[in-house]
Amino acid sequence: RLLEGLGLDGEGCKPMATPGIKLDVEKLKEDKELSVDEHTVFRALAARGNYLAQDRIDLIFAAKEICRFVSNPTDASQLALKRLGRFSLGHKRVVYKYPFQRADTIDVYSDTDWLGCPRTRRSTTGGCILIGKHCIRTWSSTQPSVTLSSGEAEYYGLVKAAGAGLGHQAVMADLDLALPVRAWTDSSAALGILYRSGLGKIRHLEPHTLWLQEKVRTGAITVKKVRGEVNPADLCTKHLPSREKV
């Protein structure tokens, strides 16, 4: 239905390797708003893309970026929607396999694209929850505030991931399964903020995020570092060729 609405269901339509496009500031200056008649069509197709992205880790970031334009669709957002359609043309499904396994931890991966939005200069946080090799949940969201450093942005992403991991731990406890939580980040700066006590010299850090420092000190959660090139959450913050990352 998405391809049909975009006019990409006929012969001669070529698929693309990545699901989205990265616009620079100069292109955004030339961006124009769509006509009022096109608003409804764009919103309907954006909603279809968002529906598909609920369990498609390779579409989740591109769909999130498109849905940020639903209140004021533009030519750039229309181009991004068509790119999502062309990617879906060549990648019509992702198959999740859950073979029998023995797992003793809940692993939560976090990644942040600092100042990734050229319009608002806000960062994107992405993450995923894995039990063993089984992917349970993924997310991609725009941070509500503009951060002043990559370490601060990565730390906020780590806080969100840790909260999601502890929430899933509570769900497992309801099933009489006691699993510890390990959070992973590829940012040394975020780990530096985490292992100090309080704000330190970073006076602009949101104080309500410091609960994670206490959770680490008490052993309620373990935080470790993962190399950026093998961090699965990287797929939730950037437009990447999915076959290599998924």
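The values are calculated or read from the model by the stated rules, or taken from the named source; none is laboratory data. None of these values were measured; they are calculated from a predicted model. Neighbour counts are summed over all protein chains in view; Cβ atoms, including those assigned to glycine, are modelled from backbone coordinates with ideal geometry. Areas reflect the complete protein model, heavy atoms only, side chains present, ligands, DNA and RNA absent. Shrake-Rupley method; radii C 1.70, N 1.55, O 1.52, S 1.80 Å.
Exactly one residue among SER140, SER123 is open to solvent by less than 30 Å² (accessible area, probe 1.4 Å) and touching a Lys or Arg at 6+ places or on another chain (Cβ under 9 Å), and that residue is SER140. Number of residues in region 79-112 that are among the aromatic types (Phe, Trp, Tyr) and surrounded by fewer than 13 Cβ atoms within 10 Å (Cβ to Cβ) equals 3. In this entry, PHE69 is excluded by the filter for residues that are modelled with pLDDT of 95 or more, touching a Ser or Thr at 6+ places or on another chain (Cβ under 8 Å) and under 27 Å from PRO15 (Cβ atoms).
Pairs are defined by a Cβ separation below 7 Å, a sequence spacing of at least 6 or placement on different chains, a first member in region 87-108 that is under 24 Å from LEU166 (Cα atoms) and among the aliphatic types (A, V, I, L, M), and a second member that is at pLDDT below 95 and part of a loop (DSSP other than H, G, I, E, B); the pairs so defined are ALA103/GLY132. The helices (runs of 4 or more DSSP H) found entirely in region 4-119 that carry 2 or more residues being of a type in the set (Asp, Glu) are 36-52. Evaluation of SER150 against the conditions (1) open to solvent by less than 30 Å² (accessible area, probe 1.4 Å); (2) closer than 30 Å to ALA17 by Cβ; (3) small (Gly, Ala, Ser) shows that the sole unmet condition is (1). No other residue among GLY132, GLY127 is modelled with pLDDT of 95 or more and either more than 18 Å from LEU179 (Cβ to Cβ) or in contact with a Ser or Thr (Cβ under 9 Å, 6 or more places away or on another chain) (or both) apart from GLY127. Against the test of being at pLDDT 95 or above and over 18 Å from GLU4 (Cα atoms), the options LYS97, LYS64 yield a single qualifying residue, LYS64. Pairs are defined by a Cβ separation below 7 Å, a sequence spacing of at least 6 or placement on different chains, a first member in region 14-29 that is closer than 15 Å to PHE61 by Cβ, and a second member that is part of a loop (DSSP other than H, G, I, E, B) and among the acidic types (Asp, Glu); the pairs so defined are PRO19/ASP58. LEU158 fulfils the conditions (1) closer than 27 Å to GLN54 by Cβ; (2) within 20 Å of the chain's Cα centre (by Cα); (3) open to solvent by 20 Å² or more (accessible area, probe 1.4 Å) except for a single criterion, (3). Within region 21-43, the presence of a residue that is closer than 30 Å to ILE131 by Cα and open to solvent by 20 Å² or more (accessible area, probe 1.4 Å) is excluded. Here TRP211 fulfils each of the conditions (1) over 28 Å from ASP55 (Cβ atoms); (2) open to solvent by less than 30 Å² (accessible area, probe 1.4 Å) apart from (2). If you filter region 230-246 down to residues that are within 18 Å of CYS135 (Cα to Cα) and charged (D, E, K, R), you find that the one that is surrounded by the fewest Cβ atoms within 10 Å (Cβ to Cβ) is GLU244. Of the helices (runs of 4 or more DSSP H) contained entirely in region 132-246, those carrying at least 1 residues that are of a type in the set (Phe, Trp, Tyr) and out of contact with any Cys (no Cβ under 6 Å at 6 or more places or on another chain) fall at 150-174, 211-217.
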